[in-house]
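Here is the structure we will look at, set down as structure tokens.
Values quoted throughout were computed directly from the atomic coordinates according to the rules given, and no laboratory measurement underlies them. This is a predicted model, so every value here is computed, not measured. All Cβ positions, even for glycine, are placed from backbone atoms using ideal geometry, and neighbour counts span all protein chains on display.
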């Protein structure tokens, strides 16, 4: 089901029952807000990767895009992948 349809269904369900619990009502409205933000592109998918040691001791490669670098950083400069914390601590 597309996000737009999910928003419509939740919105209708949110306003169809007057006796709905206030916490349930707020939860549905918050879900609708998040879905609208996703639909509008306000959230982007996070790609996780790790630095893989190359044959030389000082060269690393991004496991997502293959970028080679001398420095292990928190993210890949080429693809934007977020590096796993436990993999950076070598």
Euclidean distance of C-alpha centroids, region 54-76 and region 22-36, integer Å: 41
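Treat the count of other C-beta atoms within 10 Å as a stand-in for reagent exposure and order 69, 58 from fewest to most.
Details: 69 16, 58 9.
The order, fewest Cβ neighbours first, is 58, 69.
Fewest to most neighbouring Cβ within 10 Å: what's the order for 16, 55, 63, 84? All intermediate terms of the calculation are to be shown ahead of the outcome.
Working: 16 8, 55 5, 63 17, 84 14.
Fewest-to-most Cβ neighbours within 10 Å comes out as 55, 16, 84, 63.
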Relative contact order (%) - the chain, alpha-carbon pairs under 8 angstrom, separation at least six: 20
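Looking at the chain only, what percent of DSSP beta bridges run antiparallel? Nearest 5 please. The partial results should precede the final answer.
Details: 6 of 8 bridges.
The antiparallel fraction comes to roughly 75 percent.
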Point-to-point label distance, residue 34-residue 67, nm (Cα→Cβ direction, 7 Å offset): 2.9
DSSP-defined beta bridges in region 48-88 - what % are antiparallel, rounded to 5: 75
Cα long-axis angle, helix 22-39 against the chain (0 to 90 degrees, to the nearest 10): 50
At q = 0.20, 0.22, 0.27, 0.34 Å⁻¹, base-10 log of I(q)/I(0) for region 48-88 (Debye sum, equal scatterers on each alpha carbon): -0.46, -0.56, -0.85, -1.30
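When the helix-only estimate is applied to the chain (DSSP H runs of n ≥ 4, each -39,500 (n - 2.57), divided by the residue count), what is the mean residue ellipticity at 222 nm, nearest 500 deg cm²/dmol? Don't skip to the end; give the middle numbers.
Numbers: 3 runs with 36 residues, N = 90.
When only DSSP H runs of four or more count, the value is -12500 deg cm²/dmol.
Fewest to most neighbouring Cβ within 10 Å: what's the order for 78, 1, 83? Don't skip to the end; give the middle numbers.
Values: 78 13, 1 7, 83 20.
Going from sparsest to densest Cβ surroundings: 1, 78, 83.
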